[in-house]
Amino acid sequence: MASGFANIGKIPELRRRVLFTIALLAVYRIGIFVSVPGADHTVMKQYLSQAGGAFLGMFNMFTGGALEQLSIFALGIMPYVSASIILSILAVIVPSLRALQKEGEMGQRKINQYTRYGTIALSIVQGLAMAFAFEGMVSNAGIRVVSEPGWSFRLMTVVCLTTGTAFIMWLGEQITERGIGNGISLIIFAGIVARLPAAVALTWQQVTMGEIKPLFLLVLAVLIIMVVATIIFFERGQRRITVQYPRRTVGRRVFGGQSTHLPLRVNQSGVIPPIFASSILMFPGTLANLGIPFMDDLAAALNRGAWIYNTLYVAGIIFFCFFYTAVTFRPDDVADNLKKQGAFIPGIRPGRKTAEYIDRVMSRITFGGALYVSAVCLLPTFLIQKYNVPFYFGGTSLMIVVGVALDTVQQIESHMITRHYDGFTGPGGARIRGRRARA
C-alpha cells in the first residue's frame, strides 16, 4: 500500500492532478473563515450550541462549519445540488431537455449551463432567506447575530452568499476537469471530514467527564467499523449479466465468439439519493425563514430525528435511487447497442426482450440498494439519538465519505495502471473492483 502511494509521485500528470485537487480544496477550506460583513460569528456559534436545533446542525455539517462561521460559503454546494435535481426531473418531462441529453458532450455542456443558471437563482432565494434568519437569531445572553439589520445587510448577504456558492461551483468543476475525482463530491467530502477532529475531541471530553463509558465508546467504534465495512461491501457489489459475441470470419481468420459480462452496480446512484433527500427536506426551513405562511409548522414537523422526517427521508432515498438510476442508466439504449454489435444475452432475444430483462434485473438490485442506503443512513442516527452521543458521523456522512473516497482512489489507481504501474496493493494484489452480487 505504501509503495502504491509512492508511485503517485512518479507519474507527472497524476501528481499534478492530485496536487491541484489538494490546492483547490485548501482554498475552499480557507474561504470557510471569510465571514459575511455585518454579522458576528462568535454570537452565531453560541446560538447554534444553545438553540440551533438538528436542522441547523445538519446544515452546518454539510457546509463544513461554514454556517457557524457566517462564511460567504454558508450556503455550501446545496443550491447546485438542488438545481441538478430540478434539471434531472425536467429532463424526464421536457422533450427538448431529453433531446439534449442524447446529444453527447455538446448537449451535456448546455445542461451544465442551465444548471449553473439555476444554481445562481436558488442561491439568491436561499441567500435572502438566510439573511432574514440571521437577523432573527439572538443568543441566550440577548446579543443579536446582526447588530444592524435592514435591507443593506440583506442585499450584501445575498451578494456574498451567491458569489460564494458560484465560486464553490467553479472550484468543483475545475477539480473534475483538471484534478482527480468528482469535484462537487470532494467538496462535500472535505466539509464533512473537517468536522471529524472536533467531533472526536468532544466525544473524548465526555468520556473523561464520565458521561460516556469506555465500554460504550468501544461499542460505538465497532459500530462505525461495521457500517464502513457494509458500505464498502455494497458499493463494490455488482450483478454481472453474461453477454455473448458471435463468431465472425474475415478471410481465413475467425474473430469474436467471446463471452463477457455487463456489470450492473447494486448502488448505481452512489451517494446522490441521501444528498438529494436531505436537500429537499431542508427546503421548508428555507421557506419558513422567508416568512411564508404555514412553512413554520411544516419545518417544525420535519425536525431531524422525528418520525415524519425519518419516513420522508427513507421514501426520498428510495425514490431517488430509482429515479437517478432511470435517468443515468437506460436499458433500451444498452439493448440497442448490444444488438448493433451482434451481441446477445444467452437465452434472451435481442432487442425489446433484452431491454426488459435488463430493466427487471436492474429494478431488483436497485430496490436492494435502496434498502441498504436507507438502513445505513438511519441506523446510526437512531443509536446516536438514543444514547445522546455527540458524534457527527451519522450514516449519511459515513456513506458520503466512504463512497467518495472509494471512487477517488479507484480513479487514482486507474491512472497508475494505465501507465504500467501497480495499484495500491502492489504487484499481484487485488484491484479495487466490483464485487459480484446476485439478484
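Among the residues of the range 204-240, the ones that are touching a Pro at 6+ places or on another chain (Cβ under 6 Å) and over 19 Å from Val271 (Cβ atoms) come to 1 in all. Among residues of the range 82-99 that are at positive phi, none has a beta-carbon under 8 Å from a residue that is modelled with pLDDT under 80 and not β-branched (Val, Ile, Thr) at least six positions away or on a different chain. Consider Ser414 carefully, then state whether it is small (Gly, Ala, Ser), closer than 30 Å to Gly64 by Cα and modelled with pLDDT under 80. In short, yes.
Residues that are of a type in the set (Phe, Trp, Tyr), more than 15 Å from Val138 (Cα to Cα) and either assigned by TED's automatic domain parsing to the domain that holds Phe134 or modelled with pLDDT of 85 or more (or both) do not occur anywhere in the range 34-50. When Ala91, Ala121, Ala99 are checked against the criterion of being over 16 Å from Ala326 (Cα atoms) and small (Gly, Ala, Ser), Ala121 stands alone in meeting it.
Answer yes or no: is there a residue in the range 235-256 that is touching an Asp or Glu at 6+ places or on another chain (Cβ under 9 Å) and at pLDDT 80 or above. Looking for residues that are touching an Asp or Glu at 6+ places or on another chain (Cβ under 9 Å) and at pLDDT 80 or above, one finds at least one in the range 235-256, hence yes. Cβ-Cβ distances below 8 Å connect the following pairs, each with a first residue in the range 8-19 that is over 9 Å from His415 (Cβ atoms), a second residue that is assigned to a helix (DSSP H, G or I) and of a type in the set (Val, Ile, Thr), and a separation of six or more residues or different chains: Arg15/Ile8; Val18/Ile8; Val18/Ile412. Being at pLDDT 75 or above, surrounded by fewer than 20 Cβ atoms within 10 Å (Cβ to Cβ) and in a helix (DSSP H, G or I) narrows it down to one of Ala6, Ala26, so name that one. One residue alone meets the criteria, Ala26.
Results for (1) more than 30 Å from Val334 (Cα to Cα); (2) without any contact (Cβ under 8 Å) to a residue 24 or more places away in the chain; (3) within 22 Å of the chain's Cα centre (by Cα), shown as yes or no for each residue.
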residue	(1), (2), (3)
Lys102	no, yes, no
Glu105	no, yes, no
Gly118	yes, no, yes
Phe134	yes, no, no
Ala141	yes, no, no
Val146	yes, no, no
Trp151	yes, yes, no
Arg154	yes, no, no
Leu171	yes, no, yes
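Residues of the range 148-185 that are acidic (Asp, Glu) and assigned to a helix (DSSP H, G or I): Glu173, Glu177.
Confirm whether Leu406 is at pLDDT 80 or above and hydrophobic (A, V, I, L, M, F, W, C). Criteria met by Leu406. The listed residues are Ala133, Ala121, and the only one of them that is under 17 Å from Leu161 (Cβ atoms) and modelled with pLDDT of 85 or more turns out to be Ala121.
Going by what's in this entry, would Glu135 be described as among the charged types (D, E, K, R), surrounded by 20 or more Cβ atoms within 10 Å (Cβ to Cβ) and over 21 Å from Arg116 (Cβ atoms)? Against the criterion (among the charged types (D, E, K, R), surrounded by 20 or more Cβ atoms within 10 Å (Cβ to Cβ) and over 21 Å from Arg116 (Cβ atoms)), Glu135 qualifies. Taking Tyr313, is it part of a helix (DSSP H, G or I), in contact with a Phe, Trp or Tyr (Cβ under 6 Å, 6 or more places away or on another chain) and surrounded by 14 or more Cβ atoms within 10 Å (Cβ to Cβ)? Against the criterion (part of a helix (DSSP H, G or I), in contact with a Phe, Trp or Tyr (Cβ under 6 Å, 6 or more places away or on another chain) and surrounded by 14 or more Cβ atoms within 10 Å (Cβ to Cβ)), Tyr313 does not qualify.
Here Glu177 meets the list (1) surrounded by fewer than 16 Cβ atoms within 10 Å (Cβ to Cβ); (2) on the phi > 0 side of the Ramachandran plot almost entirely, failing just condition (2).
The one condition from (1) assigned to a loop (DSSP other than H, G, I, E, B); (2) in contact with a Phe, Trp or Tyr (Cβ under 8 Å, 6 or more places away or on another chain); (3) at pLDDT below 75 that Asn267 does not meet is (3).
I'm checking my understanding of the structure. Among residues of the range 188-238 that are more than 25 Å from the chain's Cα centre (by Cα) and touching a residue at least 12 places away in the same chain (Cβ under 8 Å), which one is surrounded by the most Cβ atoms within 10 Å (Cβ to Cβ)? Here the answer is Ile212.
For the range 129-147, the tally of residues that are under 15 Å from Ser35 (Cβ atoms) and not in a helix (DSSP H, G or I) stands at 4.
Of all the listed residues (Arg116, Arg98, Arg109), the sole one being closer than 18 Å to Phe167 by Cα and either buried (at least 16 other Cβ atoms within 10 Å of the Cβ) or basic (Lys, Arg) (or both) is Arg116.
The values are calculated or read from the model by the stated rules, or taken from the named source; none is laboratory data. It should be emphasised that the depicted structure is a prediction, and the values quoted were computed from it without experimental measurement. Quick reminder, even Gly has a Cβ in these numbers, built from the backbone with ideal geometry, and neighbours come from all protein chains shown.
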